[in-house]
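Trainee: So that we are looking at the same thing, I have put the structure below in structure tokens.
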Amino acid sequence: MARSDEHHALRDAILTAVSKKFDNVVLLPYQSGLARDKSGNTYSYGRAGVSDLIGFRKIQLPQGIRVTDPTFFLDYFPQVAQFVALEVKTGKAKPSKKQQFFLDRVKELGGLAAVVHSVEEAIEVLKDGL
């Protein structure tokens with residue numbers, strides 16, 4: 001199996017497993033690269049560095065965070081959507097500089113970002129939130 005075939009198979013296996021295991025997670029495949037039309041013209045699509053799987057998960061804010069709704073004057077502990085970025089790697093592959101920059105930026109802004117090498121690793125990341 002070629003490296004890209006192995007990568008796509010792992011990415012698809014993660015998507016399938018996550019959709020079966022979690023009802024609070026939405027992941028979508030993201031692709032970037034080059035394409036040629038019938039005339040031979042080359043076009044780039046997507047943005048280099050964005051993770052293979054992006055989406056969101058519903059999380060409960062920690063107990064120490066309180067939000068007051070000015071409309072109803074009620075205090076509650078809300079649930080929010082957290083951005084998720086998973087960079088899928090096979091073998092000993094490591095993220096490129098652009099991919100690592102994207103992952104670091106997602107983390108800086110409060111998202112969940114990780115490099116995963118297996119379905120099990122992706123499940124653990126999403127379950128534990130790093």
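Trainee: Check whether at least one residue in segment 46-59 is basic (K, R), in contact with a strand residue (DSSP E or B) (Cβ under 6 Å, 6 or more places away or on another chain) and at pLDDT below 90, and report yes or no.
Mentor: Looking for residues that are basic (K, R), in contact with a strand residue (DSSP E or B) (Cβ under 6 Å, 6 or more places away or on another chain) and at pLDDT below 90, one finds none in segment 46-59, hence no.
Trainee: Could you tell me how many of the residues in segment 98-109 are surrounded by fewer than 17 Cβ atoms within 10 Å (Cβ to Cβ) and in contact (Cβ under 8 Å) with a residue 12 or more places away in the chain? So that I can check it myself, show each step before the final result.
Mentor: The first filter runs over segment 98-109 and keeps only residues surrounded by fewer than 17 Cβ atoms within 10 Å (Cβ to Cβ), leaving 98, 100-101, 104-105, 107-109.
If we keep only those that are in contact (Cβ under 8 Å) with a residue 12 or more places away in the chain too, we end up with 98, 101, 109.
Residues that pass the stated criteria total 3.
Trainee: Tally time: how many residues in segment 110-130 are in a loop (DSSP other than H, G, I, E, B) and either surrounded by 12 or more Cβ atoms within 10 Å (Cβ to Cβ) or modelled with pLDDT of 95 or more (or both)?
Mentor: Count: 4.
Trainee: While we're looking at this one, here's another question. Could you look through segment 23-45, keep only residues that are within 14 Å of the chain's Cα centre (by Cα) and at pLDDT 95 or above, and pick out the one that is farthest from R57 (Cα to Cα)?
Mentor: Residue satisfying both the conditions and the ranking: Y30.
Trainee: Related question: For segment 1-32, give me each residue that is assigned to a helix (DSSP H, G or I) and of a type in the set (D, E, K, R).
Mentor: If the condition is that a residue be assigned to a helix (DSSP H, G or I) and of a type in the set (D, E, K, R), then R3, D5, E6, R11, D12, K20, K21 are the ones that fit.
Trainee: Give all pairs with beta carbons closer than 6 Å in which a residue from segment 11-25 that is touching a residue at least 60 places away in the same chain (Cβ under 8 Å) and among the polar types (S, T, N, Q) meets a residue that is part of a helix (DSSP H, G or I) and surrounded by fewer than 15 Cβ atoms within 10 Å (Cβ to Cβ); count only pairs at least 6 apart in sequence or on separate chains.
Mentor: Partner pairs satisfying both residue conditions: none exist.
The values are calculated or read from the model by the stated rules, or taken from the named source; none is laboratory data. Since we're looking at a predicted model, the values are computed, not measured. Note that each Cβ is placed from the backbone with ideal geometry, even for glycine, and that neighbours are counted across all protein chains shown.
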